[in-house]
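Working notes for the structure below.
The values are calculated or read from the model by the stated rules, or taken from the named source; none is laboratory data. The model shown is predicted, which means the values in this text are computed figures rather than measured ones. Positions of Cβ are backbone-derived with ideal geometry, glycine not excepted, and every protein chain shown enters the neighbour counts. These area figures cover heavy atoms from the full protein model, side chains too; ligands, DNA and RNA do not enter into them. Shrake-Rupley method; radii C 1.70, N 1.55, O 1.52, S 1.80 Å.
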Amino acid sequence: MGTVVDAAKQDVNGSLAEKKPTVVFVLGGPGSGKGTQCANIVEHFGYTHLSAGDLLRAEINSGSENGTMIQNMIKEGKIVPSEVTIRLLQKAMQESGNDKFLIDGFPRNEENRAAFEEVTKIEPAFVLFFDCAKEEMERRLLSRNQGREDDNIETIRKRFKVFLESSLPVVEYYDSKGKVRKIDAARPIGEVFESVKAIFAPKNEKVKGYGHVLRLNECCSCT
């Protein structure tokens, strides 16, 4: 027999899925520029940008019981369960009042992906994948002056490794379903956004500067 909490979760899942929101997963290696492009998409196309990492940090800073649990798991080097992150994403989607979402940096692995679809009953419209050579991402991260502790060469290379081993299989899974929109992210911000606009703009609207979107098996500079 389910608990009241289980029933409430099912209600949230059902009401969210019934709204048939448009969900776009935004993936790319560290320094690929996806955050900048998400801001542009929000401004021009009215999406709500949800960062899984930001939601987890906000929950920790809230001082809630859930936030304390998340903080303790991170301190102990444990992976935060997919369902915890997914519940935070669901809550943010429900509270936004919007029906179009960019989910940035999630799913990070195949387990995240499967759990999201199982819990929310939502499949992404597509995956926006920012492909960029490791050398260029490394240069960007080392040159930016944001005071981030994780922007040192050793940590950056570990992040690259995690992305290749954990997140790239998610991209490959959706690519097999024809749901990947791959962007050459090594170009200047404006040029990258021209390609992004061509994906999000109405199909009958021509956007100048849109080039060929490579398939994963054609060329992936991450591998």
When every residue in the stretch 192-212 that is aromatic (Phe, Trp, Tyr) and under 18 Å from the mean Cα position of the chain (by Cα) is compared, the one modelled with the highest pLDDT is Phe193
Glu43 vs (1) free of Cβ contacts under 8 Å to residues at least 24 places away in the same chain; (2) within 25 Å of Met137 (Cα to Cα); (3) in contact with a strand residue (DSSP E or B) (Cβ under 9 Å, 6 or more places away or on another chain): all pass except (3)
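Looking at this structure, is Val127 outside any strand (DSSP E or B) and of a type in the set (Val, Ile, Thr)?
Judged against the criteria, Val127 is not a match.
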For Thr85, the lone unmet condition from (1) assigned to a loop (DSSP other than H, G, I, E, B); (2) closer than 18 Å to Leu16 by Cα is (1)
Counted residues in the stretch 11-63 being touching a helix residue (DSSP H, G or I) at 6+ places or on another chain (Cβ under 7 Å), open to solvent by 40 Å² or more (accessible area, probe 1.4 Å) and modelled with pLDDT under 90 come to 1
From the option list Glu111, Glu135, Glu95, Glu118, single residue qualifying as open to solvent by 50 Å² or more (accessible area, probe 1.4 Å), in a helix (DSSP H, G or I) and in contact (Cβ under 8 Å) with a residue 24 or more places away in the chain is Glu111
Filtering the stretch 180-206 down to residues that are part of a loop (DSSP other than H, G, I, E, B) and surrounded by fewer than 18 Cβ atoms within 10 Å (Cβ to Cβ) yields Arg187, Pro188, Ala201, Pro202, Lys203, Asn204, Glu205, Lys206
Restricting the stretch 168-191 to residues that are in contact with a helix residue (DSSP H, G or I) (Cβ under 9 Å, 6 or more places away or on another chain) and small (Gly, Ala, Ser), the one modelled with the lowest pLDDT turns out to be Ala186
